[in-house]
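One structure is given here, and the rest of the page talks about it.
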Amino acid sequence: MSTQDNLMAAFAGESQANRKYLAFAKKAEAEGYKAAARMFRAAAEAETFHAHAHLNAADGVGSTVDNLKSAVSGETFEFEQMYPPYLEEAKAEGHDKAIRSITYAMKAEEVHARLFDEVLSNLSKEDDSIYYLCPNCGYVEKNGTPEACPICNVKGSSFIKID
């Protein structure tokens, strides 16, 4: 493997550690272990520093136009190519939790790709759009919340405003 391959593998590992530690922190908090939750959040933030350093060393952050194109490509790959076979396998195995999480992600990624493409198409225009995130499935709505999430049916009032 090359240094570039190593940097990207390290970026993936550090990114996964960040997300895993945040999930662990949420669980620790729910169980009343505040010190453990704080340590998991601190380590998660440290892993983010590492991930960003590796991605930058690999020249993985380009111009905003390049980054938006990369985002559209990545999100499109996920909902068109990656998730469909994952979903079929989960269905074949009767893994209901996986079916739900994969379906939610696949549908949300399609929306993300569309929104990234919209931002890219309007990048030179002034835009003060505000985005709202469904806390259950990852669906993103622009400039307001729906009555209910179109993917998972969570109440729009529970959406998180992203500044």
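Bear in mind these aren't lab numbers, they're just calculated from the coordinates by the rules spelled out. Remember, predicted model here, so these are calculated numbers, not experimental data. We place every Cβ from the backbone using ideal geometry, glycine too, and count neighbours over all the protein chains shown.
The simple Förster model, with R0 at 25 Å and r as the Cβ-Cβ distance, assigns Phe49 and Lys27 a FRET efficiency of 0.60. Remark on the chain: Rg and Dmax equal 17.9, 50 Å (Cα only). Shown here for the range 1-44: GluC sites (Glu not before Pro) in loop regions (DSSP other than H, G, I, E, B) with at most 10 other Cβ atoms within 10 Å, namely Glu31. Our estimate of slack between Leu123 and Asn6, defined as 0.36 nm per intervening residue step minus the Cα-Cα distance, is 38.8 nm.
Would you work out the relative contact order for the chain, in percent, from Cα pairs under 8 angstrom that are 6 or more residues apart?
Details: 180 pairs, mean separation 25.4, N = 163.
Relative contact order for the chain comes out at 16 percent.
Working from label points 7 Å from Cα in the Cα-to-Cβ sense, the Asp59 to Ala36 distance is 4.5 nm. Here the dipole of the range 115-160 is about 200 debye; that uses its Cα centre as origin and unit charges on the Cβ of Lys and Arg (positive) and Asp and Glu (negative). Summarising the label geometry, the points placed 7 Å from Cα in the beta-carbon direction at Ile160 and Asn67 lie 1.9 nm from one another. Annotation: the residues Val61, Val119, sorted from fewest to most other C-beta atoms within 10 Å of their own C-beta, follow the order Val61, Val119. Computed over the alpha-carbon pairs of the range 3-57, the distance histogram in 10 Å steps reads 30, 41, 21, 8, 0 percent, short to long.
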